[in-house]
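Below you'll find the structure, written out as structure tokens, and then a few comments.
The values are calculated or read from the model by the stated rules, or taken from the named source; none is laboratory data. Note that the structure is predicted; figures quoted are calculated from it, not measured. For neighbour counting, all protein chains shown are included, and Cβ atoms are generated from backbone atoms with ideal geometry for every residue, glycine included. Side chains are part of the model used for accessible areas, which takes the heavy atoms of the whole protein and leaves out ligands, DNA and RNA. Shrake-Rupley method; radii C 1.70, N 1.55, O 1.52, S 1.80 Å.
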Amino acid sequence: MRKIVKSILCAISAMLFFLFSDIAAQIPVAQEATGALIDESIVETQLYVKPDGDNASDGLSENAAVQTIARAVELATEQISAGVPTRISILPGTYRLDSIIINGTDLGEPARSTLLIIEGTEPNGVIMSGAVADGWEPSTWTEVAGQVNTYEHDWPYAWGYAANPPTENWDQYPQNFILRREMIFRNGTLLEQRLKEENLNYNSFLVDESAGTVSMKLQVALKNDDLITVGVSEQLVNIHNKSNIVLRNILFTQTASWIINHVNDIDLWGNAVSITAPGDTGAVKPENALVENCPLYNNNATAIKISRYRNVTVRNCPVERNGWKGLGFGRCENVLVEHCTAKFNAWRQSWGHHAGHDAAGFKIIPENRIMTLRNIEVEDNYAAYGMWIDWDNTDMLLENVSVVNNRADPVHIEVSPGPITVRGMVLNNRYGFKIRGVQNVRIENSYIHAYSGVLWNLIEEDRQLNGEDLFNEQWYLRNNTFSAVGNGIFSWMSATDWNHFFTTLDSDSNTWYRNGYLAQSHNFSDASGDGCSFLDWQALGKDVHSTWVTDQPVEIHSKTAFATLIRPTGPIGTTVFMLNGRRVLQNAVFPAPGSGTVRLPHGVYIMRNNTGRKIIAGPFSPFTR
């Protein structure tokens, strides 16, 4: 009976499709962000910092450089308070427990609006670290008798557990790693924290606050030239309500911030780098913030948050191995993020063996307007979402974004009127998209693959915005490869939600695949088997020019994939290569029989065991020897 009802609904949806076809054709494209607009040529004063400088100097030349970044910021404040655009040039070195603290509200005009550039003189040369090394040298550790490679040291801190955990139900987890902020590194590599002595194993540490000691167990014995560092500082950068600010060529690392308070209040996140503005709804947003060539590694909580700013660019910033979130944005306008990575974040939650609430490589919370994410890699985030776009966001453009192997949902978009445009995305994850009340979505030239869960999880509940329900509707899908190995293509929806989604969907010229299913199977449904087959789907006016394939499409990264080509005896131009023991076919120039190692282009291929037959899905470009 349920299948009969579903068939009737499909037929009704087909009739409604023709009534709403004009709506589908008018789905807008997201506006592209331009980002920060800063003229750096206007700088009049240059200040210098170097590790062996002198804070009593004036900082106006390399020979008179100050020793700390904080002192340079004090001197720069005097300049911008007089309306003089200023650059702080930081010479290579590691600056421990140093800080950049600027409050535009306190400074007032003209300081609030006058250009300030803070930059390292060389890429990868300047490190701002929240960790201490003095007092933690290998000679200060005592080897524990009878235990292999186990060492003990006095522990001078008593931080305890976070006073304001990030959600009200955190106590359900027996291993509350998320409530701690202790970090110890050996030669830059993080040791895992343990909360019980019996769990202490290789490359881990245990803090006993009651005894005032810390124990460290290593796989390789401690050496005299090892560098042991302990995270102490809660923040490295706090820029508040300051327009025309540049951070460049600085690595921010080993900041021991708390993961605190309500997860959706960006003002209360713990961060290594914070660029924020007042929360007053009537406040004028500061504008023009540029963060460029700034890696953010191994920080305890969120690496960087930017909130309530207008005209923002974050460029060439790898954000990796942070304990909770990678990058966070909230209530910003005209934001351009390009050539950045968010990888291996949320390790604090993975230590507790659970995918804790709210962790993400990218966390974009409410009310962002005009945001472009371009050439981004969001991969291998532990216990975390890949990208979480959270409530009431408009004009979001995701272009050439790779979302691969994240522990939780790779792309989670909630209650947004859009438009949201996705171009050239590669998504290869346990699950596919998780969507709640999102409208005006365009997905083009993308590869979307779910190897365990449902491909499209379309959620119905809790989707009100300004007192009105937002349905998943007005979607445009073109020239994509959609591949599902797990539970199916679409999650089950009620009749009302299905009609909103189906009647405003414009989908065509795509390639579809579901493991073990044929075109005549019930593919467009949840795992229960209800719904339409691909052939029925086409008869209802969807994906009329699309293709259903029975061989799994595979996305290949050009930067990592190599293969040995074997020229078969078939027609000139047909080549066969093996990848992970399977034969993949591609039409390319390979003039003579033989073999050779080539770099494969970024593209989507269909694996096939039949030699000499070309089957390709998705965008690709020819490769050469």
*Roughly how many debye, to the nearest 20, is the charge dipole of the stretch 33-94 about its Cα centre, given +1 on each Lys and Arg Cβ, -1 on each Asp and Glu Cβ, and no other charges?*
140
*the stretch 445-537: C-alpha pair distances exceeding 16 Å, %*: 58
*Using θ = phi - 60° and the Karplus curve 6.51 cos²θ - 1.76 cosθ + 1.60, what whole-Hz ³J(HN,Hα) does each residue of the stretch 293-302 get, with Gly and Pro shown as x?*
6, 10, x, 10, 10, 6, 9, 6, 10, 7
*Calculated FRET value between residue 375 and residue 509, using beta carbons and R₀ = 35 Å, to 0.05*: 0.90
_residue 503 accessible area, 1.4 Å probe, all protein chains in place, Å² to nearest 10_ = 10
_Where the Cα pairs of the stretch 20-143 fall when distances are cut into 5 Å bins, in %_ = 2, 10, 15, 16, 14, 11, 7, 5, 5, 5, 4, 3, 2, 1, 1, 0
*Would you tell me the accessible area of residue 380, worked out with a 1.4 angstrom probe on the heavy atoms of the protein chains, in Å² to the nearest 10?*
40
*Which length gain, in nm to one decimal place, applies between residue 462 and residue 143 when the Cα-Cα distance is subtracted from 0.36 nm times their residue separation?*
109.3 nm
*Calculated FRET value between residue 544 and residue 339, using beta carbons and R₀ = 30 Å, to 0.05*: 0.20
_Derived scalar couplings ³J(HN,Hα) [the stretch 405-421; Karplus, 6.51 cos²θ - 1.76 cosθ + 1.60; whole Hz; x for Gly, Pro]_ = 6, 8, 5, 9, 4, x, 9, 10, 10, 10, 6, 9, x, x, x, 10, 10
*Over the stretch 267-397, give the accessible area per residue in Å² for a 1.4 Å probe, as an integer.*
23
_the stretch 21-147 - accessible surface per residue (Å², probe 1.4 Å)_ = 48
*Return, for the Cα atoms of the stretch 224-351, the radius of gyration and Dmax in Å, separated by a comma.*
14.6, 58
*How much of the accessible area of the stretch 277-399, in percent, comes from carbon and sulfur atoms when a 1.4 Å probe is used?*
45
*Can you give the accessible area per residue of the stretch 437-487, in Å², using a 1.4 Å probe?*
34
*With respect to the cross-link table entries 217/305; 242/434; 50/285; 196/325; 242/325; 50/223, which display a Cα-Cα separation exceeding 32 Å?*
217/305; 242/434; 50/285
*Counting only residues 5 or more places away or on other chains, whose amide H sits under 5 Å from the amide H of residue 257 once H atoms are built in the peptide plane?*
300, 301
_Computed label-point distance, nm, for sites residue 44 and residue 159 using a 7 Å Cα→Cβ extension_ = 4.3
_Taking all protein chains in place and a 1.4 Å probe, what share, in percent, of the accessible surface of the stretch 181-256 do carbon and sulfur account for?_
40
*Pop the C-beta distance of residue 224 and residue 176 into the FRET formula with R0 = 35 Å and round what comes out to the nearest 0.05.*
0.45
